[in-house]
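Here's the structure we're looking at; comments come further down.
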Amino acid sequence: MTESQNMGIAERKERERELKRSMMLEAAEALIREKGLEHLNMDEVAERAEVSKGSLYQYFNNKTDLVLGICHKASIMMNTMTAKVLTEDKTGLEMVYQIGINYLKFAGEHPEFYRAMRFLENYKDTDQAKNSEYLSMCGQNRQESFRVMVRAIQIGMQDGSINSSYNPEELALLLWSTSHGVVNMAYMHQNAEHFKLLDHLGIDLETIFNGYMKLIGQGMEAKQC
């Protein structure tokens, strides 16, 4: 067998492996949508993906590893949306707005992915996650997302839409942490029946998010003389 044929076989096997992995992740995502993350178990994932439990464990060490695999997939999707903003004909300040809007939209349209991303915060330091190959990849994806935000801020400072007296990295960190809180509140409002804070206050979700973006924008905006 030639070297070229060996390479072709290896590539085909890798494609088949990735397809199987994708089927398992999609099965887990569907179960999370139906039953919630807390009720996810490996037996049902294997059954839904139509693979043996042994085969599932060849790809994922445990439930934590499986959910981190979903987190990796989710963060890639989110990063793709975020990076695209940098190619649009917008000021840096408008890019920052759009990144925030995309984040809120992502959590609303893909709650199962957002659950997996929240799961990372709670389990990244546990023994179950220690040997997961996805843990470091999720971390790398998060760093990439942060770099995109920094770049949007730098563009804003260059085009005069964002106050250049700020440190771009410090401002990006502030934006990331506060927007995460607002988006998490939006997620809780939509997916947790006991979370009725906004209803009690009579505040519309879109209104509070727009108010947040306006407040942040006014603080960052370069003042015109």
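Since every read-out is calculated from the coordinates, none of them should be taken as a lab result. A quick note: this is a predicted structure, and the numbers were derived from the prediction, not measured. Glycine gets a Cβ as well: all are built from the backbone with ideal geometry, and neighbour counts include every protein chain shown.
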I want to check the label-to-label distance for residue 102 and residue 136. Put each point 7 Å from Cα in the C-beta direction and report it in nm to one decimal.
2.7 nm
Using the 10 angstrom Cβ neighbour count as an exposure proxy, how do 136, 179 rank, fewest first?
136, 179
Got a sec to turn the phi values of segment 91-100 into Karplus ³J(HN,Hα) couplings, 6.51 cos²θ - 1.76 cosθ + 1.60 with θ = phi - 60°, whole Hz, x for Gly and Pro?
6, x, 5, 5, 5, 4, 4, 5, 4, x
Taking the Cα-to-Cβ direction at residue 11 and at residue 55 and moving 7 Å from each Cα, how far apart do the two end points lie in nm?
2.5 nm
Sequence-distant or interchain residues sharing an amide H contact under 5 Å with residue 36, placed H: which?
none
Using θ = phi - 60° and the Karplus curve 6.51 cos²θ - 1.76 cosθ + 1.60, what whole-Hz ³J(HN,Hα) does each residue of segment 63-77 get, with Gly and Pro shown as x?
4, 4, 4, 5, 5, 5, x, 5, 4, 4, 4, 5, 5, 5, 4
Quick one: Karplus J couplings for segment 107-118, per residue in order, coefficients 6.51, -1.76, 1.60, θ = phi - 60°, nearest Hz, x for Gly and Pro?
5, x, 7, 10, x, 5, 6, 5, 4, 5, 5, 5
Sorted by chain and number, the residues with a modelled amide H under 5 Å from that of residue 221, at a separation of 5 or more or across chains, are 163
